[in-house]
Amino acid sequence: MANKKIEIIVGTSENYLVGYKVDVQKNGELSFNIIFAERAHSACIRQLCVSGKYLASGGADEMIKLYDLYKSKDLGWLEKHEGTVTSLAFHKTNYLFSGSEDGKICIYKTAGFKCEKTLFAHPGGVTCISVHPTGKLALSVGNDKKLCTWNLIKGRRAYVTHVGVVADLVLWNPTGVNFLVVKGSCIDIYEVSSGKVKHSVDFKERIQTLVFITEDIVAVGGEGKNICLYDITNQIEIVQWPAHSMRIKSLKKIARTAVEEVWLVSASTDGFIKVWKLELLSLQKKPRLIGKVDISCRITCMDIRISRQKVTIKKEEEGEEDAKDANDGEEVDDVKESHDEEEEEEEEEEIEKSGDEEEEEDDLDDEDDIEDEEDKEDLEGEVEGLEKLEDDSDSQESYLEEDDFEEEDFGDMEDTKKEEIDVNDLESSEEEAEDIVGKKRNDANGKEVKTTVKQKGKNGNVQGKKAQKRKKKGKGKPLSNKNSPSGQKTKKMKMK
């Protein structure tokens, strides 16, 4: 709460809205500074409520006045009621609920404050409205001695309970498990699961206001000038202390940063606003008064606004600033040195990584060489097999008719230049080997004959088509002596 701005806003029977800013002093006491005072209505202000930046006030003039507290701007009036506004309640910052002596409940959407729904609740007039924490349900009591439960999703009445007398107040607890109905000096505690009264407690004096301190502990104020803390679960009174000289009109809670600490704000007809410090771990002790202010008006209603406060940082002395700058300069130098060391370490790591990558590349090259040698051996074996196949085909003499085919002489292989095939650079497949050595064909008698596909180059050598293409691209290699052993001649064949 150190960076929170606390504002207490009250309405008076003199038709004024008065706002105070609360500041915490060094000794823990509070100071009150007035921030605005405006005559908002033409008659007594009966109700007001705050949510976020919005402030709504309702009075006996049948009007609802709206303000934007963030911009300090008057947003105008709402004139939907035909009687004194008796109850106002926000659900978060999205919806505003209003009840009046005309018996109607109006629901406004804060975006434009357009009336979304009008509920005809209590013929004798609405005395109080309370919205469930989830926003799905609402409770209302009125002069017709009824308690109404409203389904806000469907926008209609869900249940009606006869309470026997006129109820003044109704209030949900923070978790929405229980709710309280105030009838004069008596409080009925209802359980939502059963819809029945768990128990009732009589405070002997008329109750004007109440607020939950925790889920189970409620603070009660009324005609008796005292504030009482009551535990609704254990059904016991915790503590009671005199707070004001006249009846208490409103009680509000301010949560603090420390979980065990809560501030309770009380406003009375005597014109005083007081702030009490409660220790939740020792509630049996009388709370300590930490601040009060007299507004010199009859207070009728009150609410609290908590907002973020801008934090201003003062400049330090010049000597301290210079020392700080010097220290910052040294820290910057240390940072630079450490940064340079980090860069050197990163460079060394990169060099080591590059060395490892080169070693990996060498290993991969060795593996590629091994694979090339294996491919060579496989290719040599295939070529030798094709040579044997050629020799077998040459041993079989085929005599075909000379009239059907023209005689072609392949010449003596000894007269041609023997080109060597470089197996290391040989990329051709079995199809290239067939182009070099020959293809199989069947003659008319069904015998298998080995024929060679010849392509004569400019130098008269016998080459395959792919070998010629490689030669044109500069990749031609001499034929290996393994394909044509020395001293071996190719036989002349007559083809038709």
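Points to keep in mind about this one:
- The set of residues in segment 133-150 that are outside any loop (DSSP other than H, G, I, E, B) and open to solvent by 40 Å² or more (accessible area, probe 1.4 Å) comprises Leu137, Lys146.
- Residue match in segment 161-170 (condition: open to solvent by less than 30 Å² (accessible area, probe 1.4 Å) and either touching a Gly at 6+ places or on another chain (Cβ under 7 Å) or within 21 Å of Leu78 (Cα to Cα) (or both)): no
- Subset tally (residues that are open to solvent by 10 Å² or more (accessible area, probe 1.4 Å), assigned to a strand (DSSP E or B), of a type outside the set (A, V, I, L, M, F, W, C) and touching a Phe, Trp or Tyr at 6+ places or on another chain (Cβ under 8 Å)) for segment 209-226: 1
- Residue in segment 183-190 that is in contact (Cβ under 8 Å) with a residue 12 or more places away in the chain, of a type in the set (A, V, I, L, M) and closer than 23 Å to Asp216 by Cβ present: yes
Listed here are the residues, each with its yes/no results for (1) touching a residue at least 12 places away in the same chain (Cβ under 8 Å); (2) under 28 Å from Val262 (Cα atoms); (3) of a type in the set (Val, Ile, Thr).
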residue	(1), (2), (3)
Asn27	no, yes, no
Thr84	yes, no, yes
His91	yes, yes, no
Asp102	yes, no, no
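- Checked against the criterion of being within 26 Å of Thr86 (Cα to Cα), touching a Cys at 6+ places or on another chain (Cβ under 7 Å) and of a type in the set (A, V, I, L, M, F, W, C), the candidates Val211, Val192, Val220, Val197 yield just one match: Val220.
The values are calculated or read from the model by the stated rules, or taken from the named source; none is laboratory data. Fair warning: this is a prediction, and the values are worked out from it, not measured in the lab. A quick note on method: Cβ atoms are made from the backbone with ideal geometry, for glycine too, and the neighbour counts reach across all protein chains shown. To get the accessible areas, we keep the full protein, side chains included, count just its heavy atoms, and leave off ligands, DNA and RNA. Shrake-Rupley method; radii C 1.70, N 1.55, O 1.52, S 1.80 Å.
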